[in-house]
Every structure is written in C-alpha cells, then in structure tokens.
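The values are calculated or read from the model by the stated rules, or taken from the named source; none is laboratory data. For clarity, every value in this text was computed on a predicted model and none was experimentally measured. Every residue, glycine as well, gets a Cβ built from its backbone with ideal geometry; the counts of neighbours run over all protein chains shown.
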Amino acid sequence: MIVAPVSADDDVLRVEHIAKSFGPVTALRDVSLHLKKGEVLGLLGDNGAGKSTLIKTICGFQKQDSGQMWLKGQPYEPKSVEQARTLGVDVVYQDLALIDELSVYQNMFLCREERRSRLPFLDRRRMKREARAALNEIGIHLPRLDVPVARLSGGQRQSIAVARGVYSEADILLLDEPLAAMGAKEGAMILELIARLKAEGELSMIMILHNYVHVLESCDRVNMIVDGVIALDKPTAETSLEELTEIVVDEYRRARLAAQAQEAADAAAEASAPAAE
Amino acid sequence: MSVSDGESPVTAPAGGQAHERKAPRAAVAPLTLIRHALTTREGSIIVITAALTVYFSLSLSVFFTTANFENLLPYFAPYAILAAGEVFLMINGEIDLSIGGCYLFAPLMFYEFHNGGIPLIPCTILALIVCMGIGVFNGFVTAVLGVNSFITTLGTLFTLEGLTLIVSHAEQLEMPGAQVVSNATGNHITSFASAFGAGTYSELFWALGIVLVLQVALTRTRWGLHTIAVGSNRIAAAEAGVKVRTVLIRNFVVCSTLAGFVGILEAVRSNSITPDPGAANSVLLDAIAAAVIGGTLLAGGSGTVVGAMIGALFLGVLQDGLAIKGVNADYLDFYLGVAILVAMLINRYVGRARRRSGLG
Ligand SMILES: Nc1ncnc2c1ncn2[C@@H]1O[C@H](COP(=O)(O)OP(=O)(O)O)[C@@H](O)[C@H]1O
Ligand SMILES: [Mg+2]
C-alpha cells in the first residue's frame, strides 16, 4: 500500500514512481518529484528523455502505467484535461495545442468559453476583451484578435498559448518549452512574466527549458531526467552552469561508451556466428 | 474584379463567420460591398446561384413565377436539411454516407410503428430515435473503434437499404397520415401532413428553421467551436480538453436524425414509402454535393451551413431550369455534373483570393 508522503504539508504536488511506456519505448521508468507552493521547478533532460510525457501525465492528457500522484495531499487521478483544470492544474503544451482555423480569442478560450448568462451562446465581446487584456499584460500587442492563429508568427502563437495557461486561474502551471519558438525579446517578456507570477507567490510552476542560463535565472530548483528517472534534484542556488553542463556531457560520454561496447559485442557475436554453425 | 491583393491582413475589411464587422455601414461603396460578398465564405456560391437564376429568368418566361418557385422547393428544401447535418461531419473531417439509409429506413419504421397502433407524432419521434441510434452506432465505430467514417457509413448505408428492402418486401407502401381526407368542408390533408411535408411551404419552413439553428450553433456555441477544433487539429483539440469522441458522436447523431426526418417529410409529401436504394443514393450524393458546392471542405476544419443551403438552392435551380428548358433527360446529369465542376472551380479561385486578401 502506498501512503501519502509525510512531508506533504507544503507540497502542492507530489509524483511518486511514475512509469509510462509507449509499446516498446519506455519514456518514464520511475519518476518521483515534488513541487512546493509558489515554487518554480525547472525540468531538464535530453530530447526524448520523457519530459513532455511527464507533463502530459500530470495535466491529465494521458494516464501513467503505474505510480501515484498527490495534489495538495489528496490522491490525484485526473481522468481528463478538463478535470485536471477544474482541480487547478493547467498546461502549456510543447506543440501549443492551438487550432489554426480558430481565431486568437477563440483559441485562448477553447474549453473555457464564456457564455451569455444561461444561454448557450458565446459571449464573444467579453472573450475578446479579456483576451486583449491578458495579452496586453504580457506585453504582446496583436492588431486583431479575430484572425485565425494560422496567420501569426511562431512567437506570437507561443505567446497566445502561454497567455491561455497563465490566465486560466490555475494554481499549478506546467510549461513545456515555453520559449522554443520565441525571439529574444518575446522570450524575455515571458521570463519577466514568470518572475512576476513567482513574486506574487500564488502559482506553482514546472517549467521545461533548454537554456541553462534561463533555468538558473528563473527557477528555484532544478530536476533532471536521465534514463527515465530523476537523476538530479538541487536548488538552483546550489548548482551552476558548469555542473549542469558537466552532467549532460558525462551522460553523453557514458551513452557513447555504452554504444561502442554494444557495437563491439554485436561484431563479436557476428564473427562467432558462422563458427557455431 | 480584383480581390484586394495588396491589402495586409491587418487592414483588410472583415468578412466571414469568425470576424467582426465594424466597417461603417454608410460609407460602404457598392464595389466594396460586392468584394465583401465575394470574400465571405458563402459569397461566391451566392453570386453563382444569383447569376444562374437571372439567366433562367431571362431565358424562360415561366421561371421567375410563384408556381415555379413551388415546383422548385422539393428540389431544394430536403437537400438543404440533409446538407446541414453533413456539414457538421465534414467540418469534423468525417463523412456520413448512411444518410441515404436513414432517409429510406425512417419512413418505413414510421409505418411499422403506426401499424403497431401508435399515433402519428409519437411514431415520428420513435422513428427519429431509431435514427439517433444509428448515429450513435456510426459515431462509436468511427470515433471509438477508429474505423474510417467512409467505410463505417458505407456499411451502415447498405445495411439500412437492405433492411428496408427486406422489411418492405421491396413494395411501395402508402404513408400513414398523408392521405387526403374528405369531410363536410371538402377534401384536405391532415394537419399532421401539412406540417410535416405535404403543406406547400412545410419543407421550406423546416429547412430554413434547421439551417438557421445549425448555423447559429456552428458559429456561436461551444458545440460549433469544438466541431471546428476537432476537424482542424484533432490532437491539439484533445490536448486543449475538447471531448473529441463526444463531439464526433453528437455530429453523427445530428446527421442521421436529420436524414431520417427528411425521409419522413418526403414520404408524407409524396404520400408513399418507396423502397428504392438507387433513389436514396442519389439523394445522398446530391446532399454531399450541396455541402461541398456551398464551401465546406471535405478535408475538414471549415464549413458553413448557410453555404450548404445555397449549394442546395443552386442544384435545385439548375435541375428545375434545365427541366423547364426541356433538356433531354439523357443530358440532364451531364449538364449537372459540368455545372458542379464549374461552380467548384469558381469557388476555389475565389477561396484562394480570399485567403490571399487576408480574410478568413
Ligand atoms: N504518443 C506517443 N506514442 C509513442 N511514443 C511516444 C509518444 N509520446 C512520446 N513517445 C516517445 O516517448 C519518448 C519520450 O518522449 P517525450 O516525452 O516527448 O520526450 P521529451 O519531451 O523529453 O523530448 C520518446 O522516445 C518518444 O518518441
Ligand atoms: Mg518534449
């Protein structure tokens, strides 16, 4: 039997022994992590390490094969993205999850549409107004909110996805590479927004970033996934660019050595195969 | 007529369903108006249909008359309803061929329920519930089991057409409730019949009502938004929290139910249940043609119910006009086919111009 972790008091989220495979590919072997209230946790890991898989499990998009999650001390088993959202967990996906055919404001309010009182009709004016306010607050100025998002630049699209997550009234926000498509200026605006949210102290965040400088600047703590498990868990104050880089380079060396060993073993097996006949 | 090549997306006048219309009404020049009409999603088919109507009106004295308008209605109204349902599925990136089956099967169910002693209105409701069940089945097999909807609904189409032949013994039946009754005030049709298909404008009212409701649902409700989202990018829609399967199943149900309803209207109008799969197949194809001509993409993500209705009107005007012109029956399908191709090409050209001009 799994019991709630003892230190659950100030943890808004705990993930325990999560495993997830896709057919023959094991994305997550045994991942445990925790997130404190108001904390910004940076999640690192190589391409294909399983970061997005972990995020999609926490946000309710897919279910883990095994392992438990706890939200504010309660068992947390989201059946859908919508259910996770009502429990206060929201997400900005790596692929942004925008609908090309829908307009900026329709995308920002997708699945949280505002209706006119009790009628089924959407309150377009109110959604547009609120979308405008949210984008202004981030510092993104789009001339029009009723054009399909297909027409916007990569950075603008990403801003819309981030704005959708940030203004969702969530208290846990998962951000999967929120700066990937952005230029330097847009990226700085988003990091500033994250710093502002952190200062307010209400929102807890898990953020996947590739730039270690950004991680050290914006996050309180950093976790690194290697081989489907969390291989490093340190406050950013206690680590450095050199250490993070060292771990990755080390990991790369080990992987190369392993590959070479495997190659040698294969070659040996091949050489001995005819003899066995 | 140049369709605003030089304009940037930012300054181009708004048009299309998803757009604000803030242009000052009084200042709109006629040319702008025409351009505006052409650049809305329904614009080109409206212009094409209007041109066709003008042509027939000028070349045929009997064309633009009330009597002919009433003749034309059966060529138009049923297809507008069928196409309205099909538009929702086509926006989803799916297709429902089984509407031909529901169209054929629903009046027969109605007949059987009535034979069982059930009154007319409850018979209608029961027959429509059967159609809803067919929609749920189509939706389940497509959305949950993952079978391509073309295949799923092709199967349902043949199954229902076969069932209709089996149950009816391939014999024409008289539609209950549609007979002309005689009493002290003379011969007249029942109020059931006049409401459900036999009244001159009954089908037209149903068509206009259903098109209005579904167009509003498509552009101004969650259901419509989620339908577009599922058709445009199914993975992104699911990630955002759209209940993709529910949306798909619901649209299959709407489509089948409308098809059953049209089947009943047409059976009442003609006072007969004719188990003819060939006729049903041609009804089905005309309905899909109306939706496509009206500007709905087979690939999904975009479409309009009003456009599909105009597409149905285009087909109706064309068939009616050619019939009055006395075109040899052998040539009718040929002209129809060519006209559909031409209309589609114009649609495409204008559609590209619209996208270039930065409108939705
Ligand atoms: N839906 C899926 N189906 C099959 N394989 C998947 C799926 N999602 C992720 N994977 C695989 O799982 C591994 C981890 O992917 P992902 O979580 O996206 O990595 P990261 O975000 O760290 O780059 C990869 O090998 C990827 O190919
Ligand atoms: Mg990823």
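Can you say whether residue B:334 is surrounded by fewer than 24 Cβ atoms within 10 Å (Cβ to Cβ) and of a type in the set (Phe, Trp, Tyr), as far as the supplied structure shows? Talk me through it step by step, then tell me what you get.
On the way: surrounded by fewer than 24 Cβ atoms within 10 Å (Cβ to Cβ): yes; of a type in the set (Phe, Trp, Tyr): yes.
So residue B:334 fits the description; yes.
Go through the range A:114-144 and count every residue that is facing chain B (nearest Cβ under 9 Å) and either surrounded by 14 or more Cβ atoms within 10 Å (Cβ to Cβ) or in contact with a helix residue (DSSP H, G or I) (Cβ under 9 Å, 6 or more places away or on another chain) (or both).
Qualifying residue count, the range A:114-144: 7.
Looking only at residues that are farther than 14 Å from residue A:209 by Cβ and more than 6 Å from ligand 1 (Cβ to nearest atom) in the range A:36-56, which one is nearest to the other protein chains (Cβ to nearest Cβ)?
Our first condition is that a residue be farther than 14 Å from residue A:209 by Cβ; within the range A:36-56, this holds for A:36-39, A:48, A:50, A:53-54, A:56.
With more than 6 Å from ligand 1 (Cβ to nearest atom) added as a condition, the list becomes A:36-39, A:54, A:56.
Numbers: A:36: 27, A:37: 25, A:38: 26, A:39: 25, A:54: 15, A:56: 8 Å.
Checked the range A:36-56; the qualifying residue nearest to the other protein chains (Cβ to nearest Cβ) is A:56.
Residues in the range A:77-86: is at least one within 14 Å of chain B (Cβ to nearest Cβ) and among the basic types (Lys, Arg)? Give the derivation first.
Taking the range A:77-86 as the starting set, the residues that turn out to be within 14 Å of chain B (Cβ to nearest Cβ) are A:78-86.
Those left that are additionally among the basic types (Lys, Arg): A:79, A:85.
Yes, the range A:77-86 has at least one match.
Only one of A:36, A:51, A:20, A:63 is touching a residue at least 60 places away in the same chain (Cβ under 8 Å) and surrounded by fewer than 23 Cβ atoms within 10 Å (Cβ to Cβ). Can you tell me which?
Working: A:51 fails: surrounded by fewer than 23 Cβ atoms within 10 Å (Cβ to Cβ); A:20 fails: touching a residue at least 60 places away in the same chain (Cβ under 8 Å); A:63 fails: touching a residue at least 60 places away in the same chain (Cβ under 8 Å).
Just a single option satisfies the conditions, and that option is A:36.
How do the helices (runs of 4 or more DSSP H) wholly within the range B:208-293 filter down when requiring 1 or more residues that are more than 14 Å from every other protein chain (Cβ to nearest Cβ), touching a residue at least 12 places away in the same chain (Cβ under 8 Å) and not hydroxyl-bearing (Ser, Thr, Tyr): which remain?
Values: elements: B:222-232, B:234-240, B:244-270, B:277-293.
So the answer is B:244-270, B:277-293.
May I ask you to list the residues in the range A:6-62 that are within 13 Å of ligand 2 (Cβ to nearest atom) and among the acidic types (Asp, Glu)?
A:46 - this is the single residue of the range A:6-62 that is within 13 Å of ligand 2 (Cβ to nearest atom) and among the acidic types (Asp, Glu).
Of the numbered conditions (1) modelled with pLDDT of 95 or more; (2) of a type in the set (A, V, I, L, M); (3) out of contact with any helix residue (DSSP H, G or I) (no Cβ under 7 Å at 6 or more places or on another chain); (4) more than 17 Å from residue B:108 (Cα to Cα), residue B:279 fails exactly one; give the number of that condition.
Result: residue B:279 passes all but (4).
How many residues, within the range A:91-106, are in contact with a Leu (Cβ under 9 Å, 6 or more places away or on another chain) and either among the β-branched types (Val, Ile, Thr) or more than 7 Å from every other protein chain (Cβ to nearest Cβ) (or both)?
5
Which condition number does residue A:29 fail, the rest of (1) at pLDDT 95 or above; (2) more than 12 Å from ligand 1 (Cβ to nearest atom); (3) of a type in the set (D, E, K, R) being met?
Result: residue A:29 fails condition (2) only.
Hey, residue B:171 hits all of (1) more than 14 Å from chain A (Cβ to nearest Cβ); (2) in contact with a helix residue (DSSP H, G or I) (Cβ under 9 Å, 6 or more places away or on another chain); (3) in contact (Cβ under 8 Å) with a residue 40 or more places away in the chain but one; which does it fall short on?
(2)
Quick check on the range A:87-98. Is at least one of its residues free of Cβ contacts under 8 Å to residues at least 24 places away in the same chain, away from ligand 2 (no atom under 16 Å from the Cβ) and either closer than 24 Å to residue A:27 by Cβ or crowded, with 21+ Cβ neighbours inside 10 Å (or both)?
So the first thing to find is which residues in the range A:87-98 are free of Cβ contacts under 8 Å to residues at least 24 places away in the same chain, and the list is A:87, A:95.
Applying the additional criterion that residues be away from ligand 2 (no atom under 16 Å from the Cβ) yields A:87.
Filter again for either closer than 24 Å to residue A:27 by Cβ or crowded, with 21+ Cβ neighbours inside 10 Å (or both), leaving A:87.
The answer is yes, given that some residue of the range A:87-98 is free of Cβ contacts under 8 Å to residues at least 24 places away in the same chain, away from ligand 2 (no atom under 16 Å from the Cβ) and either closer than 24 Å to residue A:27 by Cβ or crowded, with 21+ Cβ neighbours inside 10 Å (or both).
If I filter the range A:169-186 down to residues being modelled with pLDDT of 90 or more and away from ligand 2 (no atom under 16 Å from the Cβ), which single residue comes out as surrounded by the most Cβ atoms within 10 Å (Cβ to Cβ)?
Ranking the candidates gives A:173 first.
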